[in-house]
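The values are calculated or read from the model by the stated rules, or taken from the named source; none is laboratory data. Just so we're clear, the structure is a prediction, and the values are computed from it rather than from any experiment. We place every Cβ from the backbone using ideal geometry, glycine too, and count neighbours over all the protein chains shown. Keep in mind that these areas ignore ligands, DNA and RNA; they rest on the heavy atoms of the full protein, side chains included. Shrake-Rupley method; radii C 1.70, N 1.55, O 1.52, S 1.80 Å.
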Amino acid sequence: VLNPWVRHCCMDSCPLRCIYLSGDVMQIGIMANINYCGVSSIVQKLVARLEEDGQEVFIEDHARTCMECEGNFVSLNDLSSICEILIVLGGDGTFLVASRAVAKRNMPILGVNLGRLGFLAETTLENLYDHLPAIYKGDYL
């Protein structure tokens, strides 16, 4: 029996990028290290994809200086109170700043390495979009 609140196609591993939504819109935060080359276009593409998938997106205020578009810009403290998950684009330093800010809330963080090593990051930019269906389902591990 298929849940009427979830859009399905064939199966979880569908190559057609099916979206698994619980019926509720998620509030997803994005924090980016603005010192990385090309981060503005990376954030814009990510925001477009998340919004296309029906999610509500909030961007940490510091990214406003490099962004060429409108968006829901909020402080890092507000991100921690508004969002259900935080996507962090940068390196280990960016990840540590984000984790300190949301530690009291115990918010899940998806670290996306834009640098060289990225010991704390879960994924790379190339694999980021593969993680989105799991995030929408609440599967953060």
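Before we move on, is residue 90 at positive phi and either surrounded by 15 or more Cβ atoms within 10 Å (Cβ to Cβ) or free of Cβ contacts under 8 Å to residues at least 24 places away in the same chain (or both)?
So residue 90 fits the description; yes.
Can you find a residue in the range 50-61 that is farther than 17 Å from residue 25 by Cβ and either touching a strand residue (DSSP E or B) at 6+ places or on another chain (Cβ under 6 Å) or surrounded by fewer than 17 Cβ atoms within 10 Å (Cβ to Cβ) (or both)?
yes
Search the range 59-71 for residues that are of a type in the set (Val, Ile, Thr) and pair each with any residue that is open to solvent by 50 Å² or more (accessible area, probe 1.4 Å) and at pLDDT 75 or above when their beta-carbon atoms are under 9 Å apart and the residues are at least 6 apart or on different chains.
Here the result reads 59/72; 65/34, each pair linking the range 59-71 to a residue that is open to solvent by 50 Å² or more (accessible area, probe 1.4 Å) and at pLDDT 75 or above.
Say whether the condition of being over 24 Å from residue 138 (Cβ atoms) and open to solvent by less than 30 Å² (accessible area, probe 1.4 Å) is met by at least one residue in the range 96-118.
So far as the range 96-118 goes, yes, one or more of its residues are over 24 Å from residue 138 (Cβ atoms) and open to solvent by less than 30 Å² (accessible area, probe 1.4 Å).
Quick check on this structure: which one of 79, 128 is open to solvent by less than 30 Å² (accessible area, probe 1.4 Å), touching a residue at least 60 places away in the same chain (Cβ under 8 Å) and not hydroxyl-bearing (Ser, Thr, Tyr)?
Details: 79 fails: touching a residue at least 60 places away in the same chain (Cβ under 8 Å).
Being open to solvent by less than 30 Å² (accessible area, probe 1.4 Å), touching a residue at least 60 places away in the same chain (Cβ under 8 Å) and not hydroxyl-bearing (Ser, Thr, Tyr) holds for just one of 79, 128, which is 128.
Among the small types (Gly, Ala, Ser) and open to solvent by 20 Å² or more (accessible area, probe 1.4 Å): is that true of residue 71 in this structure?
So residue 71 fits the description; yes.
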